[in-house]
1. Kindly evaluate residue A:55 against the criterion of being part of a strand (DSSP E or B), at pLDDT below 95, within 10 Å of chain B (Cβ to nearest Cβ) and surrounded by 13 or more Cβ atoms within 10 Å (Cβ to Cβ).
2. Being at the interface with chain B (Cβ under 9 Å from one of its Cβ atoms) and in contact (Cβ under 8 Å) with a residue 40 or more places away in the chain is the filter here, so list the residues in segment A:96-114 that pass it.
3. Which pairs turn up if I take residues in segment B:91-110 that are farther than 19 Å from residue B:79 by Cα and facing another protein chain (nearest Cβ under 7 Å) and look for partners that are part of a loop (DSSP other than H, G, I, E, B) and of a type in the set (Ser, Thr, Tyr) with beta carbon separation below 7 Å, at least 6 apart in sequence or on another chain?
4. Applying the selection to segment A:38-51, what residues are at pLDDT 95 or above and surrounded by fewer than 16 Cβ atoms within 10 Å (Cβ to Cβ)?
5. If you take the residues in segment B:26-43 that are surrounded by fewer than 18 Cβ atoms within 10 Å (Cβ to Cβ) and polar (S, T, N, Q), which one is farthest from the other protein chains (Cβ to nearest Cβ)?
6. Step by step: first the residues of segment B:53-72, then only those that are within 13 Å of the chain's Cα centre (by Cα) and in contact (Cβ under 8 Å) with a residue 12 or more places away in the chain, then the one that is nearest to the other protein chains (Cβ to nearest Cβ). Which residue is that?
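The values are calculated or read from the model by the stated rules, or taken from the named source; none is laboratory data. Since the structure is predicted, the reported quantities are computational estimates derived from the model, not experimental observations. Note that each Cβ is placed from the backbone with ideal geometry, even for glycine, and that neighbours are counted across all protein chains shown.
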Amino acid sequence: KAGVTQTPRYLIKTRGQQVTLSCSPISGHRSVSWYQQTPGQGLQFLFEYFSETQRNKGNFPGRFSGRQFSNSRSEMNVSTLELGDSALYLCASSYFLGGGSEAFFGQGTRLTVV
Amino acid sequence: AQTVTQSQPEMSVQEAETVTLSCTYDTSESDYYLFWYKQPPSRQMILVIRQEAYKQQNATENRFSVNFQKAAKSFSLKISDSQLGDAAMYFCAYRSTGANSKLTFGKGITLSVRP
């Protein structure tokens with residue numbers, strides 16, 4: 001069974017640009033959540049989607065957005081990139097919402113903003 | 001809001017020895033889940049062990065076990081017979097049972113294993 005796939009693995013963007021990251025969950029999983037990981041702030045929750053609906057959102061500016069498609073694949077978009085957006089972005093998928101369902105993580109997308 | 005605290009940024013253990021990683025959390029809820037995740041240099045987070053708050057028995061997975069003290073809001077991870085492959089960053093995490101809950105992580109601890 002294929003794991004969680006995130007593309008691309010590495011990305012370099014310029015300040016002011018926008019970027020779209022993709023996450024394909026494990027087959028059958030309907031929940032996808034996104035996290036930003038930085039050395040200073042650690043792992044911070046961005047948002048979670050379930051059956052194409054955003055179910056929870058972290059404390060990030062509106063420049064960070066996401067969506068989920070009918071096949072459960074998810075994308076996150078960051079507009080007007082800032083240097084501080086440089087981070088490892090992780091997505092995780094699970095069968096259902098809540099702590100009772102194990103979250104499986106992808107290998108992440110390393111975004112560098114220059 | 002729930003918070004997870006890992007106060008030790010780094011720890012080191014001799015191969016084949018035992019090490020305990022500490023974690024405390026704060027919540028007003030009575031039912032929730034606690035997790036330990038491992039993140040090796042490959043960056044992929046791997047679930048090491050999970051504890052359900054309503055279960056009094058401490059979870060165990062092979063060489064990994066937890067000491068869950070609900071009243072003290074403490075959740076430590078014990079790694080027995082440490083191996084070189086255990087070297088990684090370890091994150092303690094919390095999630096309530098609610099469908100709209102989120103996974104909250106501690107800052108993590110870097111574990112090195114000395115041969």
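1. Numbers: part of a strand (DSSP E or B): yes; at pLDDT below 95: yes; within 10 Å of chain B (Cβ to nearest Cβ): yes; surrounded by 13 or more Cβ atoms within 10 Å (Cβ to Cβ): yes.
Considered against the rule, which asks whether it is part of a strand (DSSP E or B), at pLDDT below 95, within 10 Å of chain B (Cβ to nearest Cβ) and surrounded by 13 or more Cβ atoms within 10 Å (Cβ to Cβ), residue A:55 comes out as yes.
2. Step one: of segment A:96-114, the residues at the interface with chain B (Cβ under 9 Å from one of its Cβ atoms) are A:96-100, A:102-108, A:110.
Matches in segment A:96-114: A:96, A:97, A:103, A:104, A:105, A:106, A:107, A:108, A:110.
3. Here the result reads B:95/B:101, each pair linking segment B:91-110 to a residue that is part of a loop (DSSP other than H, G, I, E, B) and of a type in the set (Ser, Thr, Tyr).
4. Matches in segment A:38-51: A:38 only.
5. B:28
6. B:61
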